[in-house]
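Read the structure below first, then the notes.
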Amino acid sequence: MPIKNRLAETHDEITGWRRHLHENPELMFDVHETAAFVVDRLKEFGVDGITTGIGKTGVVATIKGKTNTSGRVIGLRADMDALPIVEATGLDYASKVAGKMHACGHDGHTSILLGAAQYLAETRNFDGTVVLIFQPAEEGGGGGREMCKDGLMDRWNIQEVYGLHNMPGLPVGEFAIRPGPLLASADEFEIVVTGKGGHAAAPHEAIDTTLAAAQIVVSMQSIVARNVNPVKRVVVTIATFETDSNASNVIAHTVRMTGTVRTLDPDERAMAEDRVRRVALNTAEAFGATAEVHWEEGYPVTVNSEQETEYAIQAARRVTDKVDTETDPIMPAEDFSFMLEERPGAYIFLGNGDTAMCHHPAYQFDDDAIPMGCSWFVELVEARMPAS
Ligand code: NI
């Protein structure tokens with residue numbers, strides 16, 4: 001049976017929640033209204049315990065099954081935050097907050113987990129405990145990391161953890177997943193190169209910082225081409241390049257560049273950092289300039305554990321026969337990775353059909369995906385903790 005009847009019945013109600021959240025997007029940890037909305041719904045469902053303020057503004061709630069002979073505890077996670085984007089969908093329920101938009105579908109994820117929670121609290125047709133995790137600040141703030149730092153896994157005794165993300169381009173009604181790395185790590189860096197500014201007509205009296213910095217940009221490309229094992233995946237991108245010269249007849253004194261390193265492999269991640277540093281420092285030196293490198297470690301690789309991926313696949317197959325179990329990894333990052341570093345678990349992509357990509361002003365979450373997502377969470381719970 002694909003979609004549970006009850007979830008077909010609640011589809012409109014859940015869609016209403018989703019559109020309400022869509023109209024009222026909040027950023028990063030500042031998701032107070034969203035968290036309050038989540039708490040109000042959970043109270044209506046009659047869940048067993050609600051704790052707020054985990055990871056600053058995260059919400060954690062529990063639902064106990066009819067029995068608890070298994071002692072099993074499964075965490076289900078959704079993200080609540082939006083993006084600083086001006087919405088360009090023209091929808092009648094478009095964002096009412098200027099410059100903020102649910103452009104990654106986290107309104108959908110939150111509503112899907114609420115829909116699953118409503119069903120699970122009504123039926124409780126399982127033997128064990130479900131922990132609902134609603135996290136803030138997925139978009140760069142590391143809300144998942146903050147919830148883990150607040151003791152999420154130990155306080156609620158979570159043994160396995162699961163999450164989903166909508167995927168534009170994958171048809172609605174389909175799932176995609178793979179064991180092992182699914183999303184990349186994302187580190188950021190800033191390089192400041194300092195030479196000696198001067199008159200553009202007298203380069204011999206200056207140290208041309210722009211030339212040194214340009215050479216660093218070019219040499220950085222050798223990291224992926226020449227240092228990375230060709231069967232591994234690494235991205236090194238210099239994204240910004242700013243000189244402090246404002247005139248065509250002035251050689252710049254400093255150049256500031258920023259960029260990112262993405263990879264699916266922890267060893268390659270460390271290697272790439274080392275190479276970025278050495279290429280910057282030594283290339284600058286070769287030109288008589290100096291370079292400073294500031295490194296900011298971001299989200300780790302999102303790694304699906306083997307066994308839990310199998311459970312996730314089985315649950316998806318009870319919803320639909322369209323489950324891609326060997327999807328390609330992708331190079332964005334996801335802070336569910338912090339939870340997967342602490343516990344085994346799996347992250348799955350839920351088809352969102354033909355729309356603009358996530359983080360695009362014209363992106364649209366497809367409400368037809370809601371019952372698929374709810375059903376996946378519910379099937380996972382009922383199969384991992386079968387009622388006795
Ligand atoms: Ni997202």
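The values are calculated or read from the model by the stated rules, or taken from the named source; none is laboratory data. Since the structure is predicted, the reported quantities are computational estimates derived from the model, not experimental observations. Glycine also receives a Cβ, built like all others from the backbone with ideal geometry; neighbour counts cover every protein chain displayed.
Among the numbered conditions (1) out of contact with any helix residue (DSSP H, G or I) (no Cβ under 8 Å at 6 or more places or on another chain); (2) among the small types (Gly, Ala, Ser); (3) assigned by TED's automatic domain parsing to the domain that holds VAL131, the only one that ALA247 does not meet is (3). Figure legend. Inter-residue proximity from region 317-332: first residues more than 27 Å from ASP187 (Cβ to Cβ), second residues of a type in the set (S, T, N, Q) and not in a strand (DSSP E or B), beta-carbon distance below 6 Å, spacing 6+ or different chains. Indicated pairs: VAL319/SER375. The set of residues in region 300-316 being within 20 Å of PRO386 (Cβ to Cβ), touching a residue at least 60 places away in the same chain (Cβ under 8 Å) and either not hydrophobic (A, V, I, L, M, F, W, C) or not assigned by TED's automatic domain parsing to the domain that holds HIS106 (or both) consists of GLU308, THR309, GLU310, TYR311, GLN314.
For region 311-341, a residue qualifies if it is within 24 Å of ARG233 (Cα to Cα) and not hydrophobic (A, V, I, L, M, F, W, C), and the qualifying residues are ASP324, THR325, GLU326, THR327, ASP328, PRO329, PRO332, GLU334, ASP335, SER337, GLU341.
Of the residues in region 60-73, at least one is crowded, with 23+ Cβ neighbours inside 10 Å and closer than 21 Å to GLU9 by Cβ.
The listed residues are MET28, MET1, MET80, and the only one of them that is hydrophobic (A, V, I, L, M, F, W, C) and either surrounded by fewer than 19 Cβ atoms within 10 Å (Cβ to Cβ) or modelled with pLDDT under 95 (or both) turns out to be MET1. For region 220-234, a residue qualifies if it is assigned to a helix (DSSP H, G or I) and not charged (D, E, K, R), and the qualifying residues are MET220, GLN221, SER222, ILE223, VAL224, ALA225, ASN227.
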